[in-house]
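I have placed the structure first, in the form of structure tokens, so that the comments after it can refer back to it.
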């Protein structure tokens with residue numbers, strides 16, 4: 001594999017990781033808002049914490065990490 005092929009594979013992996021992370025963040029955001037609407041603060045905070053943990057990933061490069 002050449003250096004160019006490696007960068008394409010890396011970019012493809014980055015795109016897949018970004019897509020998965022964005023999906024998780026959107027899901028957790030929805031659940032957090034739902035809990036807030038119901039007045040269940042502890043569960044909303046749990047979802048917020050999980051969402052922040054997902055955003056804290058070291059797998060994505062900084063220029064790729066935007067949903």
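The values are calculated or read from the model by the stated rules, or taken from the named source; none is laboratory data. Predicted model only: the values in this text are computed from it and were never measured. Positions of Cβ are generated from backbone atoms using ideal geometry, with glycine treated the same way; all protein chains shown enter the neighbour counts.
Number of residues in the range 12-38 that are under 13 Å from residue 52 (Cα atoms) and out of contact with any helix residue (DSSP H, G or I) (no Cβ under 7 Å at 6 or more places or on another chain): the value is 3.
Quick grid of which residues meet (1) within 26 Å of residue 61 (Cα to Cα); (2) loosely packed, with under 13 Cβ neighbours inside 10 Å; (3) at pLDDT 95 or above; (4) in contact with a strand residue (DSSP E or B) (Cβ under 6 Å, 6 or more places away or on another chain):
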position: 4; (1), (2), (3), (4): yes, yes, no, no
position: 14; (1), (2), (3), (4): yes, no, no, no
position: 29; (1), (2), (3), (4): yes, no, yes, no
position: 32; (1), (2), (3), (4): no, no, yes, no
position: 41; (1), (2), (3), (4): no, yes, yes, no
